[in-house]
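> Let me give you the structure first, and then I'll get to my questions.
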Amino acid sequence: EPEVTQTPSHQVTQMGQEVILRCVPISNHLYFYWYRQILGQKVEFLVSFYNNEISEKSEIFDDQFSVERPDGSNFTLKIRSTKLEDSAMYFCASRKEGGLARQETQYFGPGTRLLVL
Amino acid sequence: RKEVEQDPGPFNVPEGATVAFNCTYSNSASQSFFWYRQDCRKEPKLLMSVYSSGNEDGRFTAQLNRASQYISLLIRDSKLSDSATYLCVVNFRYTGRRALTFGSGTRLQVQP
């Protein structure tokens, strides 16, 4: 069964450093998402991406964040200058195009655990 | 008011028990509803979508009440492997948004 993959599984970085989190969505999916989950808290939406552009972003997704689909398979989240509060699990998700409930289903990758020191 | 609200639990139940979780959502324009399961430090995994007519998948039954804006999940004959956090998830469509909004989750611990 196809699945979303993410690399690295863990990343430790110093405050102020740039990090790039990588995702490979399911191959026939067209909508891509990044979510984050701070330890002990709920999953929060960051950004959605469709047709090579951001379709929506949350208030969390400020100018320090950017997303890119550099080729036909990868989807990346860049944090330009990390802060302590960026420490979280970052999940990538993807879904097919369509309006039916089953097509609304988003499939999540295993996550990247980011620790900012 | 939280967009999606759940009782955090934990629910501690013996094996074989029936347990029910409820969830309320704030936006009446919501259109898609899901239950996801999340194991400790893992990604959310879809348990089931929730349809207006209610739906069942083995030991799991989901119900949606649009008038009262709540969703329920019933687990029958609980197994040890059901121990996890159950996330109520809603897709709000009023802005054309396709992102999911998660509740904080209800933790279930099934005991032998």
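> Using the 4.7 Å Cβ rule, please list in number order the cysteines from the protein assembly as shown without any candidate partner.
Singleton cysteines: B:C40.
> Here is a further query. Work out how far the C-alpha atoms of segment B:20-73 reach from end to end along every principal axis, then list the three figures in whole Å, largest first.
Largest to smallest, the principal-axis extents are 34, 24, 18 Å.
> Moving to a separate point now. Among DSSP bridges having both ends in chain B, what percentage is antiparallel? Round to the nearest 5.
Of the beta bridges lying entirely in chain B, close to 90 percent run antiparallel.
> Using a 10 angstrom cutoff on alpha carbons, build the Gaussian network for chain B and name the most mobile of B:E56, B:E43, B:E15.
Between B:E56, B:E43, B:E15, it is B:E43 that shows the largest mean-square fluctuation.
> Two decimals is fine: what is log10 I(q)/I(0) at q = 0.22 Å⁻¹ for chain A, from a Debye sum with one equal scatterer on every Cα and no solvent?
Summing over Cα pairs of chain A leads to -1.30.
> For every helix of n ≥ 4 consecutive DSSP H residues, a contribution of -39,500 (n - 2.57) applies; sum these over chain A, divide by its total residues, and give [θ] at 222 nm rounded to the nearest 500 deg cm²/dmol.
Helix contribution divided over all residues of chain A: -500 deg cm²/dmol.
> To make sure I understand, if each residue's beta carbon is the centre and we count other beta carbons within 10 Å, what order do B:K45, A:K42 fall in, fewest to most?
B:K45, A:K42
> For segment B:1-58 and segment A:1-56, what is the separation of their C-alpha centers, rounded to whole Å?
23 Å
> Using only atoms on other chains, find how many Cβ atoms lie within 10 Å of each Cβ of peptide B:102-110 and report the average.
2
> Taking the Cα atoms of the protein assembly as shown alone, what are Rg (to one decimal) and Dmax (as a whole number) in Å?
Cα radius of gyration and Dmax of the protein assembly as shown are 17.7, 51 Å respectively.
> Could you work out the relative contact order of chain B, using alpha carbon pairs under 8 angstrom and six or more residues apart, expressed as a whole percent?
For chain B, the relative contact order is 37 percent.
> Given the pairs A:K96/B:K45; A:K42/A:K78; A:K42/B:K45; A:K57/A:K78, which are separated by over 19 angstrom at their Cα positions?
Over 19 Å Cα-Cα: A:K42/A:K78.
> Something else: Summing +1 for each Lys or Arg and -1 for each Asp or Glu, what net charge is found among the other residues whose Cβ lies under 14 Å from the Cβ of A:D62?
Net charge around A:D62: 0.
> Sort largest first and round to whole Å: the equivalent ellipsoid semi-axes of chain B, each the square root of five times a Cα gyration tensor eigenvalue.
24, 14, 12
The numbers here are math on the coordinates, done by the rules we state, and not lab data. Predicted model, so just to flag it, every value in this text is computed and none were measured. Counting neighbours? That spans all protein chains shown, and the Cβs are built from the backbone with ideal geometry, glycine included.
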